[in-house]
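S.K.: Take this structure first; my questions come after.
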Amino acid sequence: MAFCRSSLLLRKAYGGSRRAAAVCFSYGSLLEGSPSYSDRRRWYSSSEGTTMSASGYNVNGGPSHMRGAVFWEANKPLTFEDFEMPRPKANEVLVKTKACGVCHSDLHVLKGELPFATPCVVGHEITGEVVEHGPMTDSKISERFPVGSQVVGAFIMPCGSCFFCSKGQDDLCESFFAYNRAKGTLYDGETRLFLRGSGKPVYMYSMGGLAEFCVVPAHGLTELPKTLPYTESAVLGCAVFTAYGAMAHAAQVRPGDAIAVIGIGGVGSSCLQIAKAFGASEIIAVDVQDEKLQKAKIFGATHAINARKEDAVAKIKEITGGRGVDVAVEAIGRPQTFSQCVQSVRDGGKAVMIGLTLSGAKGEVDINHLVRRQIKVIGSYGGRARQDLPKLVKLAEKGTFNLQAAVSRKYKFEEVEQAYQNLDQGSIVGRGVVEIM
Ligand SMILES: [Zn+2]
Ligand SMILES: [Zn+2]
């Protein structure tokens with residue numbers, strides 16, 4: 001077995017060779033362990049039911065196990081582990097993961113800034129191919145997502161039947177927050193991920209996308225047309241989804257609005273593209289990296305401000321005739337930029353917060369300014385999977401949303417650790433996506 005960088009990291013982190021030897025794989029060994037292309041075709045096209053064997057669960061005669069990247073402890077590298085093949089339950093879909101985006105929310109978990117159940121598999125921005133439906137799944141779901149079809153998954157996976165889901169507010173789904181975000185499970189209180197051999201449960205951040213297969217509640221999925229690529233389309237499920245939720249529901253952007261976006265990462269740059277699609281007139285990008293501001297122009301920014309060189313609030317006021325913007329979006333998650341966002345909006349304007357931050361962090365607001373000037377401070381976590389995700393797919397299909405420009409770096413599955421390091425260093429302009437295939 002070849003020694004790769006991650007095996008050295010693993011040895012360093014865990015002080016032993018057992019796990020490193022067990023989990024590190026070269027590309028060659030990965031291919032050897034996988035079914036051949038023709039096996040895969042037979043497996044996907046098989047109409048036979050699922051089978052159980054002494055060695056475990058088999059999907060239509062496919063492999064009984066899979067690999068996934070596991071997070072164990074804050075600031076320790078992810079390790080690749082063997083899992084039993086996950087089993088979907090009613091109204092859930094087993095997806096062969098093709099690509100998974102690299103997002104700051106995962107990074108917050110990996111750095112211990114957002115508490116989450118461990119061990120877990122992060123990754124919540126996926127595309128893939130439908131492999132199987134859980135037993136007793138609604139026939140409408142199986143018809144909508146037939147085996148072999150392409151899908152994209154939203155990170156907020158609505159249960160479809162709670163108080164908020166029944167009002168169409170999928171982005172506030174009680175089951176999602178109570179089970180997935182609070183416990184790392186799906187909505188029966190159980191994970192679908194178990195280590196091969198030991199049977200140890202591993203929790204799921206959303207669907208646990210950094211694995212060769214994932215189980216997704218069907219309401220969190222939308223069909224992905226064959227004309228759209230797996231890799232670039234992964235960003236639809238979080239970066240674009242979050243941007244759309246902020247612009248459509250929280251800000252309710254109208255044509256002609258002036259918009260400022262603070263923080264031009266994967267989500268911020270998607271906000272620029274959505275603002276343009278909604279007909280915003282002034283689109284002001286604010287960041288501290290010139291490279292990101294350069295790229296912002298491609299995404300539709302009409303103005304760019306480097307907040308390290310200029311006073312961002314003063315400059316935004318100057319661009320908007322002294323008034324401030326109709327809508328300002330904070331896509332970083334820092335107390336300082338939270339305040340900048342509030343100060344950047346005109347009287348009666350909307351300051352929309354979408355950047356997650358350290359658990360317990362507080363943002364300051366000038367109360368009198370807020371009261372007298374009717375400033376609206378609005379939190380927004382994401383979009384509404386069932387109504388919004390199909391629209392995002394259409395925007396991408398028509399080229400209104402430029403997926404190719406949104407994705408700036410692609411990583412192989414075994415480079416996942418590197419991907420999060422690059423994200424942490426701020427060196428990914430736009431979005432990085434891990435190709436799992
Ligand atoms: Zn995300
Ligand atoms: Zn719900």
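S.K.: Where residues in region 391-413 are outside any helix (DSSP H, G or I) and charged (D, E, K, R), which of them is nearest to ILE274 (Cα to Cα)?
M.R.: LYS398
S.K.: Checking TYR187 against (1) under 25 Å from ALA406 (Cα atoms); (2) surrounded by fewer than 24 Cβ atoms within 10 Å (Cβ to Cβ); (3) in contact with a Ser or Thr (Cβ under 7 Å, 6 or more places away or on another chain), which test does it fail?
M.R.: Single failed check for TYR187: (1).
S.K.: Provide a single number: the residues in region 176-186 that are of a type outside the set (S, T, N, Q) and either more than 16 Å from ligand 1 (Cβ to nearest atom) or not in a helix (DSSP H, G or I) (or both).
M.R.: So the count comes out to 6.
S.K.: Taking the condition touching a Cys at 6+ places or on another chain (Cβ under 6 Å), more than 16 Å from ligand 1 (Cβ to nearest atom), at pLDDT 95 or above and among the polar types (S, T, N, Q), does SER166 pass?
M.R.: no
S.K.: Another question about this same structure. State whether the residues of region 101-124 include one that is part of a loop (DSSP other than H, G, I, E, B) and more than 24 Å from GLU417 (Cβ to Cβ).
M.R.: No, region 101-124 has no match at all.
S.K.: Can I ask one more? Between residues in region 149-163 that are over 16 Å from ARG181 (Cβ atoms) and among the hydroxyl-bearing types (Ser, Thr, Tyr) and residues that are surrounded by 24 or more Cβ atoms within 10 Å (Cβ to Cβ) and at pLDDT 95 or above, which pairs lie under 8 Å by C-beta distance while being six or more apart or on different chains?
M.R.: none
S.K.: Condition first: under 22 Å from TYR187 (Cα atoms) and either acidic (Asp, Glu) or within 16 Å of ligand 2 (Cβ to nearest atom) (or both). Now tell me which residues in region 90-113 satisfy that.
M.R.: ALA90, ASN91, GLU92, ASP106, listed by residue number.
S.K.: Within region 256-278, can you find the residues that are closer than 11 Å to VAL329 by Cβ and within 16 Å of ligand 1 (Cβ to nearest atom)?
M.R.: Within region 256-278, GLY263, ILE264, VAL267, GLY268, SER270, CYS271, ILE274 qualify.
S.K.: Against the definition (assigned to a helix (DSSP H, G or I), out of contact with any helix residue (DSSP H, G or I) (no Cβ under 7 Å at 6 or more places or on another chain) and touching a residue at least 24 places away in the same chain (Cβ under 8 Å)), how does VAL416 come out, yes or no?
M.R.: Judged against the criteria, VAL416 is a match.
S.K.: Any idea how many residues of region 356-386 are touching a helix residue (DSSP H, G or I) at 6+ places or on another chain (Cβ under 7 Å) and touching a residue at least 40 places away in the same chain (Cβ under 8 Å)?
M.R.: 9
S.K.: Within region 246-304, track down each residue that is more than 20 Å from THR337 (Cβ to Cβ) and among the aromatic types (Phe, Trp, Tyr).
M.R.: PHE278
S.K.: Moving on. Let me confirm something: among LYS292, LYS276, which residue is over 24 Å from ILE378 (Cα atoms), in contact with a strand residue (DSSP E or B) (Cβ under 9 Å, 6 or more places away or on another chain), of a type in the set (Lys, Arg) and in contact (Cβ under 8 Å) with a residue 12 or more places away in the chain?
M.R.: None of the other options fit; the residue is LYS292.
S.K.: Separate question: Go through (1) more than 21 Å from ARG67 (Cα to Cα); (2) small (Gly, Ala, Ser); (3) within 16 Å of ligand 2 (Cβ to nearest atom) one by one and return the number of the condition SER206 breaks.
M.R.: (1)
S.K.: Still on this structure, please answer the following. Which of the residues belonging to region 82-100 are crowded, with 20+ Cβ neighbours inside 10 Å and not in a loop (DSSP other than H, G, I, E, B)?
M.R.: Matches in region 82-100: PHE83, GLU92, VAL93, LEU94, VAL95, LYS96, THR97, LYS98, ALA99, CYS100.
S.K.: I need a count of the residues in region 148-175 that are more than 8 Å from ligand 2 (Cβ to nearest atom), surrounded by 24 or more Cβ atoms within 10 Å (Cβ to Cβ) and part of a loop (DSSP other than H, G, I, E, B).
M.R.: 4
S.K.: Is it the case that some residue within region 228-251 is without any contact (Cβ under 8 Å) to a residue 24 or more places away in the chain and among the acidic types (Asp, Glu)?
M.R.: Looking through region 228-251, none of the residues is without any contact (Cβ under 8 Å) to a residue 24 or more places away in the chain and among the acidic types (Asp, Glu).
The values are calculated or read from the model by the stated rules, or taken from the named source; none is laboratory data. Keep in mind the model is a prediction, meaning the values are calculated, not measured. Positions of Cβ are generated from backbone atoms using ideal geometry, with glycine treated the same way; all protein chains shown enter the neighbour counts.
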